[in-house]
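Down below is the structure, laid out as structure tokens.
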Amino acid sequence: MAARLLVDCDPGHDDAVALVVAAHFGELVGITTVGGNAPLADVTANALLTCQLFGLDVEVHAGAVRPLVAAPRHAPEIHGVSGFDGPTLPDLERRPASTEAVDYLIETIRGEEGLWLVPTGPLTNVAIAIRQAPDLVDRLAGISFMGGSAGPGNRTPAAEFNLLVDPEAAAAVLSSGARIHMAGLDLTHQFTVDDALSADLRALGGPGAILLADLVDGYLDNAERVTGRRWGGLHDPCAVLAVTHPEVIESELRRVEVELAGTFTRGMTVVDLRAGDRRSSEAPNVHHGHTLDHPTARRLVLEAVAALDGEPAP
Ligand code: BDR
Ligand code: CA
């Protein structure tokens, strides 16, 4: 039976791909949005547009505008001011089902045991939901999130973007006792975004695939300007594949802490990679995805986009 998924996201091209992969290989029960790559209104519109183009009949609930403690920050230099800058976007015909994503998450997870929650943005909504309803942790099959890194960060030398935006939320989620799978940069950088991926998406030919190819092109232009390399990682679908195709990701149960105080390391995930007796005496809390079967993951993503693209809107 296909896994039933809730995706909490901040599209961003890679969040959009994650939604398509979740809808094709799982049962996408609902979508919640969180301020991250772009402000909340923009990422909510982008999630709705993704549903519209790929014919996904799924409710979108808007959530947190800002992180728990930190000042809001976005990623216009990578994803554009709107999160979907670049292509000419069609008119948006969908509306959010509510602006109460946290209430929606609590109600839905309480209403059905065994859902997977897949956060692909800052963990603000998830942390608030668990704080208000700690029983959610035992109702879920697990939380498979994109964020953190067992190596370098991207937004700072130490911190990955989703963790840096809301480190307090991430710390709360990682210490919640839920079954947690982590797709950090050390994993997601194994899923190469380059001109070849854009070309393969474009060749699929439907309006959704072409939008994704245009977004990838914009991302590569930005990456080249910011990093000097026309290259990046397709991060967020990895958190979905960890649920729908666990065989494509090798993982190990490890202790992961979030640095909240460091002058240079705030938002860093400290992953205990040591072996045996050297390991932290704290119980391991995260299934740390470390090795991706990239050819299979890439094939699965293209298969999902091809399957859903051009679906008539319900
Ligand atoms: C993460 O940050 C965002 O820019 C992407 O959508 C991904 O979720 C990568 O650091
Ligand atoms: Ca994201």
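What follows is calculated from the coordinates using simple rules that are stated; it is not laboratory data. Owing to the predicted nature of the structure, the values given are computational and were not obtained by experimental measurement. Glycine gets a Cβ as well: all are built from the backbone with ideal geometry, and neighbour counts include every protein chain shown.
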Review point. Taking the Cα centre of the chain as the origin, how large is its charge dipole in debye, to the nearest 20, when only Lys and Arg (+1) and Asp and Glu (-1) carry charge on their Cβ atoms?
Key: 700
Check your understanding: Top mean-square fluctuation among His235, His181, His287, Gaussian network model of the chain, C-alpha springs under 10 Å?
Key -> His287
Review point. Between rounded, prolate and oblate, where does the chain land on the alpha carbon gyration tensor, with a ≥ b ≥ c its root eigenvalues, rounded for a/c under 1.5, else prolate if a/b exceeds b/c?
Key: rounded
Point to revise | Under 14 Å, Cβ to Cβ, from Ala45 - net charge with Lys/Arg +1 and Asp/Glu -1 | key: -4
Study note, to complete from the structure: Along the range 52-57, Karplus-curve 3J(HN,Hα) (6.51, -1.76, 1.60; θ = phi - 60°) to the nearest Hz, with x for Gly and Pro, reads 4, 6, 9, x, 8, 8
Study note, to complete from the structure: Checking the range 242-305 for GluC sites (Glu not before Pro) in a loop per DSSP with at most 15 other beta-carbon atoms within 10 Å yields Glu282
Check your understanding: With charges set only on the Cβ (+1 for Lys and Arg, -1 for Asp and Glu), what does the dipole of the range 174-314 come to about its Cα centre, in debye to the nearest 20?
Key -> 440
Point to revise | In Hz, Karplus ³J(HN,Hα) per residue of the range 205-219 (6.51, -1.76, 1.60; θ = phi - 60°; x = Gly, Pro) | key: x, x, x, x, 5, 5, 4, 4, 4, 4, 5, 4, 4, x, 4
Check your understanding: Whole-Hz Karplus ³J(HN,Hα) for the range 34-42, in order, using 6.51 cos²θ - 1.76 cosθ + 1.60 and θ = phi - 60°, x for Gly and Pro?
Key -> 9, x, x, 3, 9, x, 3, 4, 6
Study note, to complete from the structure: Plugging the Cβ-Cβ distance of Glu303 and Asp277 into 1/(1 + (r/R0)^6) at R0 = 41 Å yields, to the nearest 0.05, a FRET efficiency of 0.40
**Study point:** Residue among Gly121, Leu105, Leu136 farthest towards the positive dipole end of the range 97-147, charges placed on Cβ
**Key:** Gly121
**Study point:** Cα→Cβ-extended label distance, 7 Å offset, between Leu89 and His245, nm
**Key:** 2.8
Practice item. May I ask which residue of Asn154, Thr50, Phe191 lies farthest towards the positive end of the charge dipole of the chain, with charges of +1 (Lys, Arg) and -1 (Asp, Glu) on Cβ and the Cα centre as origin? Key: Asn154
**Study point:** Summed residue charge, Cβ within 14 Å of Arg278's Cβ, Lys/Arg positive, Asp/Glu negative
**Key:** +1
Check your understanding: Roughly how big is the range 1-66's charge dipole about its Cα centre, with Cβ charges of +1 (Lys, Arg) and -1 (Asp, Glu), in debye to the nearest 20?
Key -> 60
Point to revise | Residue-span extension gain [Asp195 to Met1] - 0.36 nm each, minus C-alpha spacing | key: 66.3 nm
Practice item. Count the net charge of all other residues whose Cβ sits under 10 Å from the Cβ of Gly147, scoring Lys and Arg as +1 and Asp and Glu as -1. Key: -3
